[in-house]
Amino acid sequence: MRYEIRVEGHLSEPLIRVFPELDHVTMSGQTLLFGHVVDDAHFYGLLARCQSLGLRVLEMRQVPE
């Protein structure tokens with residue numbers, strides 16, 4: 001499954017490196033992380049990482065492959 005995670009703000013390089021399995025693009029005061037999520041555990045792990053870093057998740061959605 002492919003997912004997009006839109007977070008508020010531009011993430012620094014150290015924060016980007018916390019998500020090595022995802023690609024990213026920054027735009028209009030937001031960062032879009034995107035990539036393949038292998039299962040539910042991976043999905044919830046990504047959410048937990050966002051939460052532990054204090055990131056404000058604006059949107060998270062599954063996208064067609």
Being aliphatic (A, V, I, L, M), within 17 Å of Leu15 (Cβ to Cβ) and open to solvent by 50 Å² or more (accessible area, probe 1.4 Å) is the filter here; which residues of segment 28-47 pass it? Leu47
If Gly54 meets every condition in (1) assigned to a strand (DSSP E or B); (2) on the phi > 0 side of the Ramachandran plot; (3) not acidic (Asp, Glu) apart from one, which number is that one? (1)
Residue pairs meeting the criteria (Cβ under 7 Å; at least 6 apart or on separate chains; first within 14 Å of Glu4 (Cα to Cα), in segment 27-40; second surrounded by fewer than 17 Cβ atoms within 10 Å (Cβ to Cβ) and acidic (Asp, Glu)): Gln30/Glu8; Leu32/Glu4; Phe34/Glu4; Phe34/Asp23; Gly35/Glu21; Gly35/Asp23
Only one of these is open to solvent by less than 70 Å² (accessible area, probe 1.4 Å) and over 8 Å from the mean Cα position of the chain (by Cα): Val25, Val7. Name it. Val25
Can you say whether Leu53 is open to solvent by 60 Å² or more (accessible area, probe 1.4 Å) and within 13 Å of Val7 (Cα to Cα), as far as the supplied structure shows? yes
Residue count, segment 1-30 (criterion: among the β-branched types (Val, Ile, Thr) and closer than 20 Å to Glu65 by Cα): 2
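The values are calculated or read from the model by the stated rules, or taken from the named source; none is laboratory data. Remember, it's a predicted structure, so these values are computed and weren't measured experimentally. Note that we place each Cβ from the backbone using ideal geometry, even for glycine, and neighbour counts take in every protein chain shown. SASA here: full protein model, heavy atoms, side chains in, ligands and nucleic acids out. Shrake-Rupley method; radii C 1.70, N 1.55, O 1.52, S 1.80 Å.
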